[in-house]
1. Run the numbers for Asn343 and Ala249: contour at 0.36 nm per residue of separation, minus the present Cα-Cα distance, in nm.
2. Using amide H atoms built 1.01 Å from N in the peptide plane, name the residues 5+ places from Val299, or on other chains, whose amide H lies under 5 Å from its own.
3. Scan around Val178 for amide H atoms under 5 Å from its own, H built in the peptide plane at 1.01 Å from N, and keep only partners 5 or more places away or cross-chain.
4. Once the Cβ-Cβ distance between Ile201 and Thr62 is put in as r, and R0 is 35 Å, what FRET efficiency do you end up with, to the nearest 0.05?
5. Counting helices only, and only those DSSP H runs with n ≥ 4, report the 222 nm mean residue ellipticity of the chain as the sum of -39,500 (n - 2.57) divided by its residues, in deg cm²/dmol to the nearest 500.
6. Multiply the residue gap between Phe155 and Glu180 by 0.36 nm, knock off their C-alpha separation, and tell me the result in nm, one decimal place.
7. Calculate, axis by axis, the spread of Cα positions in the chain along the three principal axes, and write the results as whole Å, longest axis first.
8. Calculate the spin-label point distance for Ile45 paired with Asp125, positioning each point 7 Å from the Cα along the beta-carbon direction, and give it in nanometres.
Amino acid sequence: MNTVKSMLLLVLFFACVVLTACQKEESKEESREALPVVTGAGHEILLSNLQTPWSIQKHNDTFYISERTGYIYMYDGETKSRQTVQLQERLAQTPEAGLLGFIIPPRFTETKEAYAYYTYQRGEDLFNRLTILKQEGNQWVETKPLLDGIPASTFHHGGRLQIGPDQKLYVTTGDATVPETAQDPQSINGKILRMNLDGTIPTDNPFPNSYVYSYGHRNPQGLTWSPDGTMYSTEHGQSALDEINIIQAGRNYGWPIISGDQKREGMEAPLIHSGSQTWAPSGMDFHKGWIYFAGLRGVGVYRYHVQNQKLEKFIEGYGRVRDVWIDQDILYFVTNNTDGRGNPDDADDKLVSVPLSEES
């Protein structure tokens with residue numbers, strides 16, 4: 001009897017040791033992965049019940065927000081209007097597809113024309129298209145496709161549109177779940193593209209007669225520039241290893257050959273990456289030395305100080321975040337909890353504003 005009792009005590013002792021060790025390891029892992037959160041006061045929810053918003057634009061005092069369901073939501077501080085978009089092709093209903101990137105050019109007041117990127121299905125095949133939309137009253141009408149037939153799949157569409165300091169239109173495309181296309185200069189997938197605002201190829205692009213500006217990308221979803229003209233992008237990694245990259249003309253960013261800290265001659269390593277964590281970064285903007293970027297899986301807004309190499313989680317508590325926009329000293333962001341991967345509440349999705357203090 002005493003022998004059995006002794007054995008039971010011994011088993012309990014070792015179980016406690018193992019449990020304590022595991023708890024310490026978990027605590028260690030949590031502290032290693034945790035980032036400082038600097039969320040301050042002054043948050044204001046400007047809009048609620050958005051339908052999976054993807055891109056924020058602000059022209060004069062009016063917000064224009066693209067919704068994956070096929071609408072442009074307008075808000076001028078008083079009036080709210082969900083405006084239909086009449087497309088030449090029917091929006092695809094697959095995950096991550098729909099009306100994605102949307103950008104308003106400088107001459108919008110005169111022309112009422114904007115650029116959009118959307119996914120459609122033709123037969124059994126999926127494609128993405130870059131096109132021009134014209135605002136006509138309370139709706140938008142597709143008038144002129146600029147780049148069509150971009151191969152698409154269930155995932156990895158890219159889709160971010162930005163107009164750079166050089167007044168060229170930049171477009172991100174995903175690898176459409178076919179990784180090897182990212183390394184093929186003849187493929188339009190897994191790239192950052194550059195074009196004139198009329199859709200033609202700039203003569204100073206790095207590859208002759210090609211829209212391709214950089215390649216070796218998996219699923220880039222954010223673009224921004226610092227005041228000195230440095231171009232940055234966000235990119236989804238395969239299993240974590242999400243990236244912030246400095247983009248230079250003609251460079252190869254390695255996917256699917258390298259990722260994270262891996263190096264290969266002729267390929268660019270990221271400025272920073274998420275390591276074993278997952279940000280699933282999307283839209284981004286630059287403000288006073290900080291890169292601000294949206295986190296979908298990371299459920300918040302992150303920021304990285306380029307000079308000080310300091311990474312922080314700036315916003316949390318709103319769930320998945322798809323895009324950010326900075327105007328003056330105010331950060332705006334849209335949540336994406338209704339995209340099929342979040343846990344939406346009755347008011348999702350939202351447009352939220354956050355003041356950026358001088359200390360930011």
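Read-outs throughout are calculated quantities, based only on the coordinates presented, and are distinct from any laboratory measurement. Remember, it's a predicted structure, so these values are computed and weren't measured experimentally. Here the Cβ is made from the backbone with ideal geometry for all residues, glycine too, and neighbour counts use every protein chain on show.
1. Roughly 29.9 nm would be gained on extension.
2. It is Val321, by chain and number.
3. none
4. The formula returns an efficiency of 0.65 here.
5. -3500 deg cm²/dmol
6. 7.5 nm
7. That works out to 91, 51, 47 Å along the principal axes.
8. 4.4
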